[in-house]
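I have placed the structure first, in the form of structure tokens, so that the comments after it can refer back to it.
The values are calculated or read from the model by the stated rules, or taken from the named source; none is laboratory data. Computed from a predicted model, the values in this text were never measured in an experiment. Here Cβ is always computed from backbone atoms with ideal geometry, including for glycine, and neighbour counts include all displayed protein chains. Surface areas here come from the heavy atoms of the whole protein model, side chains and all, with no ligands, DNA or RNA. Shrake-Rupley method; radii C 1.70, N 1.55, O 1.52, S 1.80 Å.
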Amino acid sequence: METILSLLIICLITYIAYIKNSLSGSGAMMALFVGAIISLANGFEFIAVLLTFFISSSLLSKWKLSMKQKLEEDLYDKTGRRDWQQVLANGAVGTVCAFFYWLEPSTSLSFAFYASFAAANADTWASEIGVLSKKQPISIIRWKPIEKGLSGGVSLLGLGASALGAMLIGLIYLVFTNDLMGFIWLILIGFMGSILDSVLGAVLQPVYHNKSKDVLTEKASDSTQQYEKVKGISWFTNDVVNVTCVVIAAVMGWYVKS
């Protein structure tokens with residue numbers, strides 16, 4: 001019964017997200033797949049983690065949207081509705097952990113699942129809240145001012161949001177397990193995952209120059225022109241950065257409890 005209710009909840013939330021433009025068609029289908037695996041693995045406990053991440057990130061993406069829209073249009077290839085690649089970038093690692101937990105439950109796999117979403121939530125909160133900072137962000141590598149919204153930039157507001165995002169996932173873990181040390185580890189792992197995301201974004205993620213607007217952007221082109229790449233590896237996109245950091249967080253989580 002718990003599994004059936006979990007699946008119904010996933011279907012309902014996914015449908016609402018689709019009609020509210022938080023998910024594209026492909027994103028909704030992938031969210032259903034991810035949700036089904038996680039539901040089958042550990043019912044309400046794992047679904048609580050997935051829904052907390054998804055609902056909080058969706059609400060934050062809509063928060064002060066008018067202030068973010070112009071920045072997102074100039075900077076990012078993907079805005080607004082999350083597609084299947086974005087769903088997988090944040091949820092694939094947790095889904096793999098859940099799948100193997102389903103086959104053979106273990107504390108280390110469960111903690112790896114939590115750690116993956118702690119990192120994903122920390123990074124999402126840092127991005128969605130940090131971009132609203134009134135102060136100019138600084139490069140995590142060069143410690144010099146950087147254009148607001150570009151990967152690799154950090155601010156006090158964003159760092160604080162990152163810690164809170166990891167803490168929220170940690171609180172769910174604490175409720176279900178009463179493991180205070182695990183709760184603390186999840187905050188640390190999630191926060192470190194977010195920091196690593198910024199480092200990889202600053203070093204490896206590609207940045208392009210839009211000559212017509214004379215701005216730096218993470219978009220490779222628009223409908224009229226191809227932008228000049230000024231740094232980074234072309235295929236190491238934001239989705240790749242996210243997956244890399246979530247994988248490392250999950251491995252750290254698995255190691256802590258193994």
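How high is the relative contact order of region 136-258? Use alpha-carbon pairs under 8 Å, at least six apart in sequence, and give a whole percent. Write down the numbers at each step before the final one.
Details: 159 pairs, mean separation 26.5, N = 123.
Here the relative contact order equals 22 percent.
Shape verdict for region 113-166, please, from the Cα gyration tensor: rounded (a/c under 1.5), prolate (a/b greater than b/c) or oblate.
Values: a/c = 2.63, a/b = 1.91, b/c = 1.38.
Prolate shape, in that a/c is at least 1.5 and a/b is the bigger ratio.
Residues in region 118-149 near a label at K231, defined as backbone nitrogen under 16 Å from the 7 Å Cα→Cβ point?
137-149
May I ask you to list, by number, the DSSP H helices of the chain whose Cα span along the axis is at least 27 Å and whose average Kyte-Doolittle hydropathy reaches 1.0 or more? Could the numbers behind the result be given before it?
Details: long enough: 25-62 (30 Å, 1.53); 107-130 (33 Å, 0.48); 156-177 (31 Å, 2.07); 180-203 (35 Å, 2.04); 238-257 (29 Å, 1.21).
Helices meeting the criterion: 25-62, 156-177, 180-203, 238-257.
Going by the alpha-carbon gyration tensor, a ≥ b ≥ c the square roots of its eigenvalues, is region 191-257 rounded (a/c under 1.5) or, if a/c is not under 1.5, prolate (a/b greater than b/c) versus oblate? Write out the running numbers ahead of the final one.
On the way: a/c = 3.99, a/b = 3.11, b/c = 1.29.
Because a/c hits 1.5 or more and a/b exceeds b/c, region 191-257 counts as prolate.
In whole Å, how far is the Cα centre of region 193-258 from that of region 101-134?
Computed from Cα coordinates, the inter-centre distance equals 18 Å.
Hey, which of these cross-link pairs are over 24 Å Cα-Cα: K62/K229; K148/K211; K148/K231; K20/K229; K62/K148? Kindly include the intermediate steps, with their values, before the conclusion.
Values: K62/K229 30 Å; K148/K211 18 Å; K148/K231 17 Å; K20/K229 35 Å; K62/K148 18 Å.
In this structure, K62/K229; K20/K229 lie more than 24 Å apart at Cα.
Can you give me the distance in nm between label points at S26 and T224, each placed 7 Å from the Cα along the Cα-to-Cβ direction?
Result for the modelled spin labels: 2.6 nm.
At a 1.4 Å probe radius, which order do F53, F100 fall into by accessible area, largest first?
On the way: F53 20, F100 105 Å².
My answer, sorted largest first, is F100, F53.
So what is the relative contact order of the chain, in percent, for Cα pairs below 8 Å that sit 6 or more residues apart?
On the way: 443 pairs, mean separation 53.9, N = 258.
Relative contact order, the chain: 21 percent.
Between region 157-177 and region 25-50, how many Å separate their Cα centres?
20
Once ligands and nucleic acids are excluded and a 1.4 Å probe is used, how much of I47 is accessible, expressed in Å² to the nearest 10?
The accessible area comes out at roughly 10 Å².
Between W63 and I16, what is the spin-label point distance in nm, taking each point 7 Å from the Cα along the Cα→C-beta axis?
Once both label points are built, they end up 1.8 nm from each other.
Please compute the length gained on full extension between N178 and K135, using 0.36 nm multiplied by the number of residues separating them and subtracting their Cα-Cα distance.
Going from the current span to full extension adds 11.6 nm.
From the protein chains alone at 1.4 Å, what is the descending order of accessible area for W185, W143, W125, largest first? Walk me through the numbers on the way to the answer.
Numbers: W185 95, W143 165, W125 45 Å².
Largest accessible area first, the list is W143, W185, W125.
Can you show me the helix-derived [θ] at 222 nm for the chain, built from DSSP H runs with n ≥ 4 at -39,500 (n - 2.57) apiece and divided by the number of residues, rounded to the nearest 500.
On the way: 8 runs with 177 residues, N = 258.
Here the helix-only value at 222 nm equals -24000 deg cm²/dmol.
Mind sorting out which of (1) 58, 37, 30; (2) 52, 43, 37; (3) 71, 36, 32 is the real Cα extents along the principal axes in Å computed from the coordinates?
(1)
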